[in-house]
Amino acid sequence: MNLNITAFDAHKLAAAPLVCDARTGLTALSEALAGHRVEAAYEAEYRAGKDRWDRVVEAALRADDDRAAPTQTQVIGALDAVVGDDDVVINAAGSLPGDLHKLWRAPPPRPYHLEYGYSCMGYEIPAAIGVQQAAPGTPVWALVGDGTYLMMPTEIVTAVQEGLPITVVLLQNHGYASIGGLSESVGAERFGTAYRYRAADGSFTGAPPPVDLAANAGSLGMDVLRAKTVGELREALRTARAADRPTCVYVETDPAPTAPPAEAWWDVPVAAASTREAAVRARAAYDRRVADRRHHL
Ligand SMILES: Cc1ncc(C[n+]2csc(CCOP(=O)(O)OP(=O)(O)O)c2C)c(N)n1
Ligand SMILES: [Mg+2]
């Protein structure tokens, strides 16, 4: 079901369209579904599946070695252990939305604000400013990838000027890990998605250039905490949460994905006319998935 105020969008992706205001629509749906129960067998199957997934999440978030560099999923795990019921976590773009979608635990009332409609890089810091203004005294966390940070760090200055104690958790993996993976899946082999020097063969697989985003955040007025290990990260997150100034927690992570696979398929069309071997293979795989698609209505 696609609930949207705009008919054009409500009809996207072969969903059942419900054209109305979000709050009104959800209220009406809740009323219409009052007393509705699914079959007991379905409910049992659903609960068992959810329990299985909870164990997967638990394993993905765990970090047993305090001295090791954290993976991206362990950063999410460290944050999960630090946030309170009222903390607001904000994210929009990169590989984090997909990972959070699978792994972030948001039991009510824990607020969680994921802008995945446009997934607009650069949304996170201005959003954190807005949330912090609306909820003074509440810890607000903007989760920001390095590519996203480079696109729009400048509103940090506004947070500093306004004395808003937001925390930016900056995940440095030297490139567009998400677009790298996506481009590989459509046969485009990660072209131009790493912030690395060119190697002798012309590929971007050299060392990362000497770009220091933590120093950049500091130069814009933030307090900066650099975390190299899981232990340092936990400590930095706790310090940031208690801080009364805008604070950046900077952590290096590996670009290789560590989140468990969702086994979902994303309909991203693949070039049909390309003669590149990787693209031809990707197109054949795409055509198979399209043929498997079922409409439920
Ligand atoms: C304004 C904007 N431009 C382009 C994109 C497409 N895009 C989505 S994720 C991404 C790369 C994000 O890189 P980073 O923040 O480092 O996250 P990572 O993929 O490494 O997790 C790009 C270019 C976007 N979502 N928003
Ligand atoms: Mg990145």
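For residue 248, nonlocal amide neighbours, meaning residues 5 or more places apart or on other chains whose placed amide H falls under 5 Å from its own, are 168, 223, 224, 225. Placing dummy labels 7 Å off each Cα toward the beta-carbon, the span from residue 162 to residue 80 is 3.1 nm. For the chain, the carbon plus sulfur part of the accessible surface works out to 56%, probe radius 1.4 Å. Tell me, which longest segment in the chain has none of the GluC sites (Glu not before Pro) that fall in DSSP loops with at most 10 further Cβ atoms within 10 Å? The segment 40-262 is the longest one with no such site.
Under 1.5 on a/c is rounded, so check that first for segment 20-116, then, if it is not, pick prolate when a/b is larger than b/c and oblate when it is not; a ≥ b ≥ c are the square roots of the alpha carbon gyration tensor eigenvalues. Note, shape of segment 20-116 comes out oblate.
Computed from point charges on the beta carbon alone (+1 for Lys and Arg, -1 for Asp and Glu), the dipole magnitude for the chain about its Cα centre is near 580 Debye.
Taking every protein chain into account, the accessible area of the chain amounts to 59 square angstrom per residue (probe 1.4 Å).
Give the percent of DSSP beta bridges with both residues in the chain that are antiparallel, rounded to the nearest 5. Before the final figure, lay out each step's value.
Working: 1 of 26 bridges.
Close to 5 percent.
Assign one of three labels to segment 58-194, namely rounded, prolate or oblate, based on the Cα gyration tensor with a ≥ b ≥ c the square roots of its eigenvalues; rounded applies when a/c is under 1.5, prolate when it is not and a/b is larger than b/c, and oblate otherwise. Walk me through the numbers on the way to the answer.
Details: a/c = 1.79, a/b = 1.25, b/c = 1.43.
It comes out oblate by the Cα gyration axes.
Please give the charge dipole size of segment 80-173, origin at the Cα centre, charges +1 on K and R Cβ atoms and -1 on D and E Cβ atoms. Round to the nearest 20 debye. Numbers along the way, then the final one.
Details: 3 positive and 10 negative charges, 32 e Å.
Charge dipole, segment 80-173, about its Cα centre: 160 debye, nearest 20.
Within segment 1-96, the trypsin sites (Lys or Arg not before Pro) that combine a DSSP coil assignment with at most 12 other C-beta atoms in a 10 angstrom radius are 37, 62, 67. Scanning the chain for chymotrypsin sites (Phe, Trp or Tyr not before Pro) lying in DSSP loops with no more than 10 further Cβ atoms inside 10 Å, the longest uninterrupted stretch between such sites is 119-265.
Put a dot 7 Å past the Cα of residue 291, heading toward its Cβ, do the same for residue 112, and the two dots end up 3.7 nm apart. Is the chain rounded, prolate or oblate when judged by the Cα gyration tensor, a ≥ b ≥ c being the square roots of its eigenvalues, rounded requiring a/c under 1.5 and prolate requiring a/b larger than b/c? Taking the square roots of the gyration eigenvalues as a ≥ b ≥ c, the chain is oblate.
Mind checking the dipole of segment 131-260: about its Cα centre, +1 per Lys or Arg Cβ, -1 per Asp or Glu Cβ, Debye to the nearest 20? Present the calculation step by step, with values, prior to reporting the outcome.
On the way: 9 positive and 13 negative charges, 31 e Å.
It works out to roughly 160 debye.
Taking Cβ atoms as reference points and 14 Å as the exclusive limit, the residues near residue 124 contribute a net charge of -3, counting Lys and Arg as +1 and Asp and Glu as -1.
The values are calculated or read from the model by the stated rules, or taken from the named source; none is laboratory data. Note that the structure is predicted; figures quoted are calculated from it, not measured. When we count neighbours, we look across all protein chains shown, and the Cβ atoms used for this are built from the backbone with ideal geometry, even at glycine. Quick note on the areas: whole protein, heavy atoms, side chains included, nothing else; ligands and nucleic acids left out. Shrake-Rupley method; radii C 1.70, N 1.55, O 1.52, S 1.80 Å.
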